[in-house]
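The values are calculated or read from the model by the stated rules, or taken from the named source; none is laboratory data. Here the structure is a predicted model, which means the values were calculated and not measured. Here the Cβ is made from the backbone with ideal geometry for all residues, glycine too, and neighbour counts use every protein chain on show.
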Amino acid sequence: MAIAESGKSLKEIAKAIYLDIKSLTGWHEGVMPIFKAIPAVRRLEIYLGVPTGFLEKKIVFQKEHEPKAAQALADRYEVRAREARKDPYYVATSDFSAQLLFEWWAFMAYKTQMHPIGLKRSKRAAWRVLPAEKAGIGVRDELLVCAAPNMVASSALRTLLFLRGYFGFLTKPTTGNRATSGLGLKLEDVGTLASLAIPEFVAAYMEFVKARSGNLLHNGHGNAAGIIVGVCREIEGYLWQQPEVFEERVAQFAKNRPWHTLCQQTVAVCKSWQAASAGKKSRDPKELLQPLFALKDILAPFKRAIQKLDLAAAAAVPGSVHQALFKRDALILGLSLFNPLRHRTLTITKYIAPGQQSDLISNLFQAEDGHWWLRFEKGDFKNDESKPEDYGSLSQPHV
């Protein structure tokens, strides 16, 4: 803030206090000065006209006896993911045929209606519909998961992404090895929900996902298998119940097997993958956290991040968007330290100033005694049954 009020550019200030412009730019963006830079910090205080020690006391030095964080090993998951991204295969929703879109919307209605007429559906198979402002980032922008105006089904996005990947594999050219080769089929032939009931397709897709993951079994297999089992299982499966609708759409791949036989064989394939992948992960979270475990204060990096964001906010133009973003990020980090929440819950957290007109509900509010509280309705969590009642938590004073 003092820099902004000085009316001088960083280059002019750096020249005046005999400091390299790169160092001053780094400080301005939140980088902590090293011990040897203290004289320059004091010259900056004099130049800006701030009290002696005002800037210096904000510097946090790492003590020599404190263990330094171990250097993080290369994240093998990220290495694999970067390589995989070089070979994209998902089908874009803009390439969905009119028939596939019709199937999708019929499936959406089945999953989100209070009671699907003429079809069985278990209680757990229904998709919860939420107001768009309470959906996570990415959900509210996908038109194909909108069950009604300004109402979205978050679970639909996961299924939609799976279908895009599944159809992408079926239509991917048959070139390269198991990790890069698809089945080379035409989208007009396999672009139907009925393709989920072809056991050979499903088995090949699972092997493809495994190969792209470094030959590892993981939750991705279990999740995909769960989606397929849900639509192919006996009695309540969406596809199982409608042979008259879907059987003919994949007749050329059925090898003369009856529709219910196809569904049974597909479920058997999926259950094998579910059993094999149960509890398996494609990345070890402990490996990523190991550098933090070496620290005396495991939260020190987060505290330093908050301090840097506070400094960056103080240096930003007062009332600017940049200053607001720095303050917001520091607040989110602070809230996360004392009250860890899921990513989605954090993204829907809102603050509405008292007296401000809004259709939204503020999750952060100040009580009459001056204390700040974080409040969520029970439906703001992963599922409606995760909390028996609305949730409230007293914020720590320093936050």
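Just for the range 116-139: of the residues that are surrounded by 13 or more Cβ atoms within 10 Å (Cβ to Cβ), under 28 Å from the mean Cα position of the chain (by Cα) and touching a residue at least 60 places away in the same chain (Cβ under 8 Å), which one is farthest from Arg344 (Cα to Cα)?
Going through the qualifying residues, I end up with Ala125.
Only residues that are surrounded by fewer than 18 Cβ atoms within 10 Å (Cβ to Cβ) and either over 26 Å from the mean Cα position of the chain (by Cα) or at pLDDT below 85 (or both): list them for the range 304-324, please.
Val317, Pro318, Gly319, Ser320 - these are the residues of the range 304-324 that are surrounded by fewer than 18 Cβ atoms within 10 Å (Cβ to Cβ) and either over 26 Å from the mean Cα position of the chain (by Cα) or at pLDDT below 85 (or both).
Looking at the range 204-223, which of its residues are assigned to a helix (DSSP H, G or I), over 15 Å from Ala81 (Cβ atoms) and touching a residue at least 60 places away in the same chain (Cβ under 8 Å)?
Of everything in the range 204-223, those that are assigned to a helix (DSSP H, G or I), over 15 Å from Ala81 (Cβ atoms) and touching a residue at least 60 places away in the same chain (Cβ under 8 Å) turn out to be Met206, Asn223.
Given the conditions (1) surrounded by 18 or more Cβ atoms within 10 Å (Cβ to Cβ); (2) outside any helix (DSSP H, G or I), and given that Glu236 satisfies all but one, which numbered condition is not satisfied?
The single condition Glu236 does not satisfy is (1).
Report, by residue number, each residue of the range 359-380 that is under 27 Å from the mean Cα position of the chain (by Cα) and assigned to a loop (DSSP other than H, G, I, E, B).
Residues satisfying the conditions are Asp359, Leu360, Ile361, Ser362, Asn363, Glu377.
Scan the range 206-223 residue by residue and report those that are more than 9 Å from Lys280 (Cα to Cα) and among the polar types (S, T, N, Q).
Matches in the range 206-223: Ser213, Asn215, Asn223.
Does any residue of the range 311-330 turn out to be in contact with a Pro (Cβ under 7 Å, 6 or more places away or on another chain) and farther than 21 Å from Pro33 by Cα?
no
What single numbered condition from (1) within 23 Å of Pro301 (Cα to Cα); (2) modelled with pLDDT of 75 or more; (3) under 37 Å from the mean Cα position of the chain (by Cα); (4) of a type in the set (A, V, I, L, M) fails to hold for Ile38?
Among (1) within 23 Å of Pro301 (Cα to Cα); (2) modelled with pLDDT of 75 or more; (3) under 37 Å from the mean Cα position of the chain (by Cα); (4) of a type in the set (A, V, I, L, M), the lone unmet condition for Ile38 is (3).
Quick one: in the range 200-214, of everything that is more than 24 Å from the chain's Cα centre (by Cα) and either of a type in the set (D, E, K, R) or surrounded by fewer than 21 Cβ atoms within 10 Å (Cβ to Cβ) (or both), which residue is nearest to Glu247 (Cα to Cα)?
Applying the filter and picking the extreme gives Glu200.
Go through the range 313-335 and count every residue that is in contact (Cβ under 8 Å) with a residue 12 or more places away in the chain, in a helix (DSSP H, G or I) and either touching a Leu at 6+ places or on another chain (Cβ under 9 Å) or more than 21 Å from Trp27 (Cβ to Cβ) (or both). It would help to see each step written out before you state the result.
First pass over the range 313-335, keeping only residues in contact (Cβ under 8 Å) with a residue 12 or more places away in the chain: 313-318, 326-327, 329-335.
Filter again for in a helix (DSSP H, G or I), leaving 313-315, 326-327, 329-335.
Narrowing the set further to residues that are either touching a Leu at 6+ places or on another chain (Cβ under 9 Å) or more than 21 Å from Trp27 (Cβ to Cβ) (or both) leaves 313, 326-327, 329-335.
Final tally of qualifying residues: 10.
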